[in-house]
Structure formats: structure tokens, C-alpha cells
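**Student:** One structure, pasted below without further comment.
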Amino acid sequence: MTRRLGFGGTLLATLFFCASLTPSLLPRTWQLQGLMGAVTAILGYAVGAGVGAVGRAVIVYRPPERVRRLAWRIMLAGCGLLAAAALWYSHDWQRDLRALMGMSTQITWFSPLILVMSIALFALSLLLARLVRLGGRKLVDWLDRFVPAYVGRTVGVLLVALLVLVFANDVLFSAFIARMNDISSITNDATPAGLHRPESPELSGGPGSLVSWQSLGNEGRRFTGNASTATELESFSGRPAARPIRVYVGLDAASSPREQAALAVRELERTGAFDRPVLAVLGTTGTGWVDPTIADTLELMYNGDSAMVAMQYSYLPSWVSFLVDKDKAARAGVALADAVRARWERLPAGRRPRLVVAGESLGSYELEAAFSGLPALAAETEGALFVGPPRANHIHSALTAGRDPGSPVWRPVYQEGETARFAQFPADLTRPPGPWRQPRVVYLQNASDPIVWWSPHLIYDKPDWLDGPRGPGVNPQMNWFPLVTFWQVLVDMSEALDVPPGHGHRYGAIIVDGWAAVAAPRGWTADDTARLAKLVSESGTGRP
């Protein structure tokens with residue numbers, strides 16, 4: 001028994017597995033739970049095995065075989081009971097979490113299959129690890145024939161570690177990224193069903209456009225091809241509408257971010273964007289996606305008399321881009337924001353459109369990168385709306401860290417809300433009650449959004465958002481466990497859009513309130529905001 005599994009490894013593997021069954025930010029499927037149970041169990045085993053190895057090296061005493069066998073029996077019985085109890089309660093924990101978010105509590109949750117799946121994947125991972133260890137021992141034995149034993153062990157361990165790292169990074173990870181890039185490139189070349197080249201010259205890819213319809217990429221064609229129509233705009237406003245301007249430059253349109261940005265500015269000039277009352281620079285996610293609610297809401301507020309510009313920097317899905325293309329996103333944001341602002345500053349002060357920036361998730365990271373901090377953001381734009389910002393956003397992180405005493409991390413107040421405010425509900429934008437000067441910066445963040453909270457620090461540090469009062473929609477039964485919570489929140493990111501608005505990474509109608517606070521057109525009223533928010537809630541995108 002002891003030759004097959006280590007005592008400490010088995011104990012911590014079981015504890016980590018049980019911890020993974022506890023609730024996190026969002027509900028998850030039983031399949032994801034089985035995968036996460038295996039990952040956390042193998043991590044627990046590695047930690048336990050490491051602690052055990054150190055203990056054996058430091059403590060000379062070895063208990064008798066009879067004592068060791070008794071300890072194993074007691075430990076296995078305790079682990080079995082604990083695992084059975086955690087599996088039993090896990091179903092109720094998931095149902096409670098779904099009820100908290102207003103979701104159906106009728107779920108499929110196969111506890112026995114979770115256990116089987118976790119054990120199978122754990123066993124496979126452990127087998128691979130032991131094969132690597134066996135190879136390392138064979139290498140050390142061979143080296144010991146030529147060099148002193150301590151040299152052979154040191155060199156052998158370093159060589160095995162290097163080979164594992166090279167294989168993981170340069171073979172497995174690189175092959176995965178290459179495959180994802182191939183798949184994403186094919187998707188980028190496709191046109192969403194039902195979309196056709198625009199007939200309006202105010203839209204990139206349309207008549208007279210400096211960028212071709214094909215070069216826009218999949219998400220660029222979706223962005224310009226789905227611009228609000230006159231019928232949709234007039235249905236909401238009750239007045240004749242202007243033709244909205246949407247400019248987009250795809251990754252294939254130029255060879256560098258600077259060239260893309262320069263092309264975007266020429267396209268803005270061609271369409272007359274600098275003559276509109278408002279000009280929005282929009283951040284994109286990894287694939288080039290622009291949140292349609294952000295775009296549609298601004299067009300409906302201005303009855304089409306608006307202009308917006310966006311730029312693609314990657315084909316890859318956002319989570320992959322965040323790992324490998326984060327620097328590309330930052331460079332794209334700097335290039336686009338700088339180019340648009342430079343052209344905007346050449347206009348007479350009285351003839352400039354209101355210049356605002358907005359982005360969701362990685363798109364907010366892209367545009368934050370263009371500014372050194374909140375003072376620069378407020379000085380160089382006339383408003384900003386950032387939705388579901390990741391922890392990597394440097395301005396968001398600085399404001400959260402420097403929040404006023406007494407304000408929670410999930411709803412921070414910075415410098416009494418004079419410039420920037422954080423909201424999950426419309427009423428949050430009215431607090432604190434002091435003055436909120438222009439230009440305004442709004443961060444929309446749900447307390448249960450894993451994209452906002454995921455960080456490598458979760459591996460070893462309990463986060464502030466699990467200390468003290470919990471944010472709205474955060475399960476009071478959620479706890480922090482070293483290593484385990486990191487993986488729980490990472491898995492939550494895959495489920496972040498499968499929850500109702502106001503939870504996870506779903507924002508919906510609160511975007512209307514955000515735009516109304518940042519860039520409301522002249523004559524816009526609270527009733528207009530409520531009416532548009534209702535439309536967004538009913539339609540999902542703001543379209544009548």
C-alpha cells in the first residue's frame with residue numbers, strides 16, 4: 001500500500017478534491033467538476049508528497065510497521081467519509097448557488113461519475129508523473145557512473161526539470177496555440193450567417209470604404225454589418241434618425257498596429273466622424289469582438305448621430321489572447337487611442353466631438369493601456385466606460401488598491417467618487433452622494449464576475465472579496481483554499497456567460513446607465529435611460 005501511494009500525498013489529494021467540490025463564484029456542470037477535482041487532487045498529492053519527502057529527510061524516527069498500517073487505515077477511512085460527505089453536499093451547494101442567481105435548481109449532477117472521472121484523470125496524471133520520475137532516476141544512475149553522486153543528482157534533476165518545461169512550453173503549449181490560431185483564422189475568414197456588405201458609406205466595408213469587407217474579419221463584419229438601422233433608431237426616438245458611423249480595421253488590413261490606427265483615422269475622416277456629436281473609441285476582445293450592447297446603446301442614445309471606431313489585434317479567443325497576446329492588445333490600444341486623439345486635437349476646440357472610450361473585458365485592458373493613470377484618462381478623454389475589467393487592468397487595480405477606507409473591494413469608492421465610480425446596479429452610480437465632475441469614468445463589475453477577480457495571487461493569498469461582507473450574488477458558503485480557489489475561479493470563467501444579467505460576466509441593461517452617466521446627449525432624461533434599459537433587458541442587445 002505505502003509503495004503505491006504516499007501517505008501525505010493521499011491525504012492532501014483527498015482534502016484538495018473535497019475542497020474543489022465546495023461552491024465558488026458561479027454554478028458549474030458535473031463534467032467540469034470532475035475535471036477540476038482531478039486537477040486539484042493531483043496538486044494536493046504533489047504538495048503532500050513534497051512535504052512528506054522533506055519530513056522523511058529531517059525526521060530520522062520511523063514508526064513501527066504496525067503503527068504505519070493503523071495510520072493508513074484511519075486516514076483512508078477518514079478520507080473516504082469526508083469525500084462521501086463532500087460529494088453528497090455538493091449537489092445542494094450547486095442548487096443553492098443557482099437559486100441565489102435566480103436560475104433553475106433542477107440540474108443534472110452525477111456525484112458517482114464525478115468521483116470516477118476525477119479518479120481516472122488523477123491516476124493518469126500520477127502515472128505520467130511517475131514515469132517522469134523513473135526516467136529521472138535512470139538518468140541520475142547513469143550520471144553517477146561518471147561523476148560524484150551529489151553532482152549526478154543535481155544535474156539529473158535539473159535536466160529532467162528542463163526537459164519537462166521545454167516539452168510543456170515548446171511542444172504542448174506551442175502546438176495548442178498554433179492549432180487555436182489555425183482554427184481562429186478559419187473562423188475569422190467566415191462571415192456570420194445573414195450578414196451582407198453594408199450599403200451605407202458611413203460603415204467600413206461599405207461603398208467608398210478604405211477597408212474591404214473581407215479584410216474586416218468575422219467580428220469586424222459583424223460589427224459594421226449589424227449597425228442600427230433607421231427603422232430601429234426611429235422606433236425608439238420617434239424622430240428622423242442619422243446614419244450611424246462605424247469604423248473597423250481588421251488584422252489583415254495593415255501590417256502593424258500603427259498602420260492599422262492610421263488607416264482607421266483616414267476612414268474616420270472619410271465618413272465624417274469628426275463632425276458627429278460623439279466619437280467612441282472601442283476596445284475589442286481577442287477575436288476582435290465588440291460588445292453589441294455597448295455599440296447599440298450609444299447609437300440609440302444619439303439617434304444614430306454617433307461615430308465609433310475599433311481595431312482587431314488577434315484572431316484568438318479572449319482567454320487565449322490574455323495568455324499570449326496581452327501585449328498585442330496593449331500596443332493596439334495605445335496606437336488607436338493616440339492616433340484618434342492626435343487627429344481630434346487638430347480640430348478647433350468648439351468643433352470637437354465628445355471623445356469617449358469604452359471596452360469590455362480584454363477590450364477594457366486594451367484601452368486602459370493607452371493611459372498612464374486616472375488623471376491621464378480624465379485629461380485625454382471626455383469619459384470612459386469599462387465593463388467587466390480583468391485584474392490585469394492597471395488603472396482599475398490602482399483605484400481598487402487605493403480605495404477610500406471602509407469601501408469594499410467589490411464596490412470601491414475612490415477619492416469620494418469625484419471622477420471614477422464602480423457599479424453593479426444603477427443606484428451604485430449615485431453613491432457617494434458628493435459631486436461627480438466631468439469627465440466621468442465608470443467601471444461596471446459584478447461581484448460574482450470571475451474575470452474581474454481571477455488572479456495568480458489566488459494560489460497563495462486569500463482575496464479581499466472573500467473577507468468581510470460578501471458582494472451581491474457571492475455565495476456566503478464560498479471559502480478560500482490555497483491552490484484550489486485559483487482553479488475554481490479559473491473554471492468559473494468558462495461559465496461566466498451562462499448566468500442571468502447582473503451575475504458573472506453578464507451586464508445587460510446596466511450598460512445603458514453607464515453610458516448615460518458618461519456621455520448622455522443633450523436633453524437626455526432619466527426616463528429615457530429607463531426606457532432604453534427596459535428595451536435592452538427585453539431584447540438582449542437594445543434593438544427594438
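**Student:** What figure in square angstrom, to the nearest 10, would you give for the accessible area of residue 117 with a 1.4 Å probe?
**Tutor:** It works out to around 60 Å².
**Student:** Of all accessible surface on the stretch 492-544 at a 1.4 Å probe, what whole percent is carbon and sulfur?
**Tutor:** Carbon and sulfur together cover 52 percent of it.
**Student:** Per-residue HN-Hα couplings for the stretch 146-162, Karplus 6.51 cos²θ - 1.76 cosθ + 1.60 at θ = phi - 60°, whole Hz, x for Gly and Pro?
**Tutor:** Using θ = phi - 60°, the values come out as 10, 9, x, 4, 5, 5, x, 5, 4, 5, x, 4, 5, 5, 5, 4, 5 Hz.
**Student:** Report Rg/Rh for the stretch 23-158, rounded to two decimals, where Rg is the Cα radius of gyration and Rh the Kirkwood radius.
**Tutor:** 1.13
**Student:** Would you please report the Å³ per residue occupied by the convex hull of the alpha carbon atoms in the stretch 20-65?
**Tutor:** 107
**Student:** For the stretch 237-386, which whole percent of the accessible surface, found with a 1.4 angstrom probe, sits on carbon and sulfur atoms?
**Tutor:** Roughly 50 percent, rounded to a whole number.
**Student:** Rank these residues by their accessible area, most exposed first, probe 1.4 Å: 67, 491.
**Tutor:** I get 67, 491, largest accessible area first.
**Student:** Oh, and also: At 1.4 Å probe radius, can you tell me the per residue accessible area of the stretch 314-435 in Å²?
**Tutor:** That works out to 39 Å² per residue.
**Student:** Separate question: Which residue, 374, 101, 75, has the largest displacement toward the positive end of the dipole of the chain when charges sit on each Cβ (Lys, Arg +1; Asp, Glu -1)?
**Tutor:** 75
**Student:** Let me ask you something else. When each pair of different Cα atoms in the chain is counted once in the 1/r mean, what is the Kirkwood radius in angstroms, to one decimal?
**Tutor:** So the Kirkwood estimate lands at 26.0 Å.
**Student:** Please give me the summed charge of the neighbours of residue 188: other residues whose Cβ is under 13 Å from its Cβ, Lys and Arg +1, Asp and Glu -1.
**Tutor:** Around residue 188, the charge tally is -2.
**Student:** Remind me, relative contact order of the stretch 402-535 in percent, using alpha carbon pairs under 8 angstrom and six or more residues apart?
**Tutor:** Answer for the stretch 402-535 is 23 percent.
**Student:** Would you kindly find the accessible area of residue 429, with a 1.4 Å probe and non-protein molecules such as ligands, DNA and RNA excluded, rounding to the nearest 10 Å²?
**Tutor:** 20
**Student:** Positive end of the dipole of the chain, charges at C-beta (+1 Lys, Arg; -1 Asp, Glu), about the Cα centre: which of 7, 249, 271 has its Cα farthest in that direction?
**Tutor:** Of the candidates, 7 comes out farthest on the positive side.
**Student:** On to the next question. Residue 27: net charge of surrounding residues, Cβ under 15 Å, Lys/Arg +1, Asp/Glu -1, itself excluded?
**Tutor:** -2
**Student:** In what sequence, largest accessible area first, do 153, 470, 421 appear using a 1.4 Å probe?
**Tutor:** If we order 153, 470, 421 from most to least accessible, we get 153, 470, 421.
The values are calculated or read from the model by the stated rules, or taken from the named source; none is laboratory data. In this text, all values refer to a predicted model and were calculated from it rather than measured experimentally. Heads up, the Cβs are rebuilt from the backbone with ideal geometry, glycines too, and the neighbour counts pull from every protein chain shown. What goes into the accessible areas is simple: the full protein's heavy atoms, side chains included, and nothing from ligands, DNA or RNA. Shrake-Rupley method; radii C 1.70, N 1.55, O 1.52, S 1.80 Å.
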